[in-house]
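So the structure is just underneath, and the comments pick up after that.
Please treat every number below as a calculation from the coordinates, not as lab data. Given the structure is predicted, the values throughout are model-derived calculations rather than measurements. Ideal geometry is used to build each Cβ from the backbone, glycine not excepted, and the neighbour counts take in all protein chains shown.
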Amino acid sequence: MSLIVMDLEWNQSSTGREPEVAKLPFEIIEIGAIKLNTDYEMVDEFSELIKPIVYPKLFHITSKLIHIQMEDLARGGRFPDVAQKFRKWCGEDALICTWGPSDITELQRNLKFFDQEVLNDGPVAYLDVQKLYALSFDKDKSNRISLEHAVDDLGIEKDIPFHRAFSDAYYTAKVLAIVAKKHPEVLKFVSYDTTFPPKTKAEEVFADFGTYSKRITHVFKDRETALTDRDVMAIVCTKCGKVIKKRIGWFSPNGKQYMAAGICDVHGLIKNRVRIQKYDDESVCVIKIVKPIETEGLMKLQEKSARAEQLRRKRKEAEKKARELAKSKSV
């Protein structure tokens, strides 16, 4: 298996606001990549410009950021041709590595939009080097660190400019090589892009990373169906997979994710967290993370649950008052 360190540049609506084409908010205009061998040495490179068709006028911030002009892109190839060339260059057995999660998502969207074969008609496994760097050097994963910051932090020589697809792939490969040699244990933490969810239960993703487990469910017709599925919303142990005794019922601290906790007779306190991935047709899949927690973690979760309940009650009261006011005005 070869490692393909990839970076993309893309264009968007010239207004910088709502996409003019809903199914393609960002159009890829450059693909840059480095191929690494099993010793994390650079053995080949790929760099191609793409002539934009959907958004033929460069968004002004994009032009300034990546220092490219439409005259350059006009000489680029068609996306389908460049994509096919890139896929052939990658080879059959390749694991893509990126800085952050966005590049895989946009590549999948562009492949689908231009009627090209997608990387996988379901979740795509890849290495998020940004996450691996954070895990390796005790950085906060929730605070997405820039590639240039990581390069400076690791003392990597900056011998070519940033903010072009090839150069950013080059620096990402440099960071990955250091991470792999100093902290090879983090390479097991594979990420998954869910641009396309598993279609059936048999195709669901289950990944056990030792310190936590991840499940990516099959697609449900809507959020309500997913959140009422007994199998998906069962509070389980990450070690033995059994349904465990509830300590904190499901609650949402922000409307974007849901949390719960239980206790396993063998493995102790366990936290369950789900995130809902929504698609254009209102269908959803669930990304479920299950991990052990300490007593302190349980107490913090209880505090979050109490705050969420207070907010829920306030919303209910506000809604009730609004209904009563509307009723009184209609009389």
Q.
Output needed for segment 198-314: three equivalent-ellipsoid semi-axes, defined as square roots of 5 times the C-alpha gyration tensor eigenvalues, in descending order, whole Å.
A. 23, 20, 10
Q: Report, in deg cm²/dmol and to the nearest 500, the calculated mean residue ellipticity at 222 nm for the chain, where each DSSP H run with n ≥ 4 adds -39500 (n - 2.57) and the sum is divided by the residue count.
A: -10500 deg cm²/dmol
Q | Reciprocal of mean inverse Cα separation for the chain (Kirkwood radius, Å) | A | 22.4
(Q) Suppose each label sits 7 Å from its Cα in the direction of the beta carbon; what would the residue 148-residue 22 distance come out to in nanometres? (A) 3.7
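Please compute the contact order of segment 198-314 in relative form: average sequence separation of alpha-carbon pairs under 8 Å and at least six residues apart, divided by the residue count, as a percent. If you can, show how the numbers build up before the last one.
Details: 220 pairs, mean separation 29.7, N = 117.
Relative CO of segment 198-314 lands at 25 percent.
Arranged by the count of other C-beta atoms within 10 angstrom, fewest first, what order do 87, 312 take?
Details: 87 15, 312 12.
Result, fewest neighbours first: 312, 87.
Compute the longest continuous run of the chain that contains no exposed chymotrypsin sites (Phe, Trp or Tyr not before Pro); treat a site as exposed when its DSSP state is not H, G, I, E or B and it has at most 14 other Cβ atoms within 10 Å. Mind dumping the intermediate values first?
Details: sites that count: 209, 279.
Within the chain, the longest run free of exposed chymotrypsin sites (Phe, Trp or Tyr not before Pro) spans 1-208.
Tell me the trypsin sites (Lys or Arg not before Pro) within segment 178-222 that lie in a loop according to DSSP and have at most 11 other beta-carbon atoms within 10 Å.
Numbers: sites: 181, 182, 188, 199, 201, 214, 215, 221; in loops: 199, 221.
Within segment 178-222, the qualifying trypsin sites (Lys or Arg not before Pro) (loop, at most 11 other Cβ atoms within 10 Å) are 221.
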Q | For segment 172-184, 3J(HN,Hα) per residue [Karplus equation, 6.51 cos²θ - 1.76 cosθ + 1.60, θ = phi - 60°, Hz, x = Gly/Pro] | A | 4, 4, 5, 5, 4, 4, 5, 4, 5, 7, 8, 9, x
Q: Stick to Cα atoms and the Kirkwood definition of Rh, then tell me Rg/Rh for segment 2-191.
A: 0.95
Q: Report the relative contact order of the chain, percent, no decimals, based on alpha-carbon pairs under 8 angstrom and at least 6 residues apart.
A: 13
Q) Does anyone have the angle between helix 295-330 and the longest principal axis of the chain? Alpha-carbon axes, 0 to 90°, nearest 10? A) 80
Q. What list of ³J(HN,Hα) couplings, whole Hz, do you get for segment 197-209 from phi and the Karplus terms 6.51, -1.76, 1.60, once you set θ to phi - 60° and write x for glycine and proline?
A. x, x, 7, 10, 4, 5, 9, 4, 9, 10, 10, 9, 9
(Q) Where in the chain is the longest stretch that carries no GluC sites (Glu not before Pro) classed as loop by DSSP and with at most 16 other Cβ atoms within 10 Å? (A) 158-281
